Structures are given as C-alpha cells and as structure tokens.
Amino acid sequence: MKHNLKITIVLLVMFIITQFIGLYVVNYYQAEDKELPFGMETPEIKEVREFNEIFVSIVFAFAIAISLLFLLTKFKAEFILKLWFFIVVIIALGITFTTFFPGIKYWSFIALIIALPLAYIKIYKREFLIHNLTELFIYPGIAAVFVPILNIWTLVILLILISIYDMWAVWHSGIMQKMAKYQINKLNIFSGFFVPYISKKLKLKIKKMKKSDLKKKKIKVNIAILGGGDVIFPIISAGVMLKTFGIGSALFVILGAALGLSYLLFFAEKKKFYPAMPFISAGIFLGMILSKVLLYQNLI
C-alpha cells in the first residue's frame, strides 16, 4: 500500500465526492436553457464529423498547454504560473458555484466574487484545508466545458492518449515528478489533492519530545497526492456517458474509475511514482463494458 489506510481512504473519498459534484454540474449545464456563465460558449455539434474535428483541436490545445507549462516551469516563471493557476481557479469555481443557486439574480457574478478570495488563499497563501476544499469544485467546472464537445469515441481515444502520455511522463521522462516537485516546493501550490501526514512512529516520538526540542528538530512529512488530471478525466467520462446514455452509465463509469484508483493506491509500493491514468482509464472502460452488458445492449 502506497500510503496508510486512513490517508488512502481520505484520497478515495475526496475523489468520489468530486465525481458526484461533477456529475451534478455537468447535468445542470446539459439542460437546453442553461449556458456556461461569463460569456463562455461551447459549439453546438450535430454531426459525428464535427466531434472529430473538435477533438483534433482539443489534442493540439492540450499539447500546447502542457508544453507551455513545462517551459514556464523550466524557466522558473513563477509569477506567470501562479497568475495562470489563479485565473483558471476563479473561472472554474465560478462555473461550479453558478449551479448552486440559479434562481438568484446576478448569481453568476456573486459566484465569481465568492471564488475570488478562495482562489487567492489557495494560490498565494497555501492553506491546506482551502486547497483541498476548492479542489472538490474546480474540476467539475472545467469538465462542464469539455463534456459538450466530446462523444464516446473521441472520449475513448482521449483516455488512451492521456494514459500513454501519463506513463511516458512518469516512467520514462520523469517530467511529471519534476513538475509536481517544482509546484510544491517552489510555487507552494499543487494542481490536485494534497494530503500531508506523518507516520505513527514519528507521532509517538513527537509526543515524547519536549517543546523546546521540537522547535529545533526537522520533521519529515509524507505527502499523498492525486493529480488534477486523474480527477477531471473521470468526471468528463461520466459526463459524456450521462448525456449519451443516462445516469446509470455515468454511475458505472464513476464506480469503475474509483475501482481503478483503489487498485493503484492499495497495491502500489511506497516511495515509488506511478501514473494513475492507465489504472483509472482501465476502470472507466470496465464501467462502460458493465454498463453495456447490464443496462444497455446497444451502448456504442
């Protein structure tokens, strides 16, 4: 097991909660009379060919974003990186918060005002609870932008490509580890769930130590992390299944993704880095298959 049982359960619970929040947010914006706030629009797609064309654009956009993020990290452009994260967090939180009280006049504007201080604390103050709390709402907002422009086939291809990239970035190049360490140590932020903890042995030692000695001693803290991509792609997958086949298929996808992540967390070795997306994608595909077998005969 990569982390102790308590921390593993905490990660899984946060992951699952975010999936269901995502399902709610995506479903809200699927209604005909609901549009994304802040002047954002997604193209209205009527033919399969249009999905394919937009998918190519999505892949290029992801490639450009990842390359830009890597370059900014390499040249240590901390101000730009923090500002980038800050803007994305505000917009994503605003999209999610807009769904909570739609009947209130100017609620989208109010949602943006609420998001502003939360984003500031998250990016510039490094507050542990605010960081993880906002993570629950950031990825549903981002997913709501992508779900309308994907269908089942483009989703499957996207998951395969992301999984391949994740394996290359973690096992081959090590880019993912370098970027994560840079974010945590230099930027004091992390795009994903972030849970610091100490071992039981260390806890016992700390209890026995005097306060004066404790201030002088450096304490080694373990960190359990789950990247933002590992959270958002299952939400997107469940959202695509929801709009195409209904709530049953979406729930199977969430279950499959949770099982894939659980397998990784329970069977991974300590102090080793693993790409999560191959395991999560496998779980998502399993959920799709089970949905087809148990709920629908003509899923695709």
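The rows are residues; the columns are (1) at pLDDT 80 or above; (2) touching a helix residue (DSSP H, G or I) at 6+ places or on another chain (Cβ under 8 Å); (3) buried (at least 17 other Cβ atoms within 10 Å of the Cβ); (4) not in a helix (DSSP H, G or I).
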position: V156; (1), (2), (3), (4): yes, yes, yes, no
position: A180; (1), (2), (3), (4): yes, no, yes, no
position: N185; (1), (2), (3), (4): yes, no, no, no
position: I206; (1), (2), (3), (4): no, yes, no, no
position: K215; (1), (2), (3), (4): no, no, no, no
position: A224; (1), (2), (3), (4): yes, yes, yes, yes
Scan of the stretch 14-49 for residues that are farther than 19 Å from A143 by Cα and either part of a helix (DSSP H, G or I) or touching a Leu at 6+ places or on another chain (Cβ under 6 Å) (or both), ordered by number: V48, R49
For I164: the one exception among (1) buried (at least 19 other Cβ atoms within 10 Å of the Cβ); (2) over 17 Å from the mean Cα position of the chain (by Cα): (1)
T42, sole failed condition from (1) among the polar types (S, T, N, Q); (2) over 18 Å from G229 (Cβ atoms); (3) modelled with pLDDT of 85 or more: (3)
Residue pairs meeting the criteria (Cβ under 9 Å; at least 6 apart or on separate chains; first touching a residue at least 24 places away in the same chain (Cβ under 8 Å), in the stretch 73-94; second surrounded by 12 or more Cβ atoms within 10 Å (Cβ to Cβ) and of a type in the set (D, E, K, R)): T73/K178; T73/K186; K76/K186; E78/K186; F85/K122; F86/K122; V89/K122
Residue list for the stretch 226-248, restricted to those being polar (S, T, N, Q) and crowded, with 24+ Cβ neighbours inside 10 Å: S237
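The values are calculated or read from the model by the stated rules, or taken from the named source; none is laboratory data. The model shown is predicted, which means the values in this text are computed figures rather than measured ones. A quick note on method: Cβ atoms are made from the backbone with ideal geometry, for glycine too, and the neighbour counts reach across all protein chains shown.
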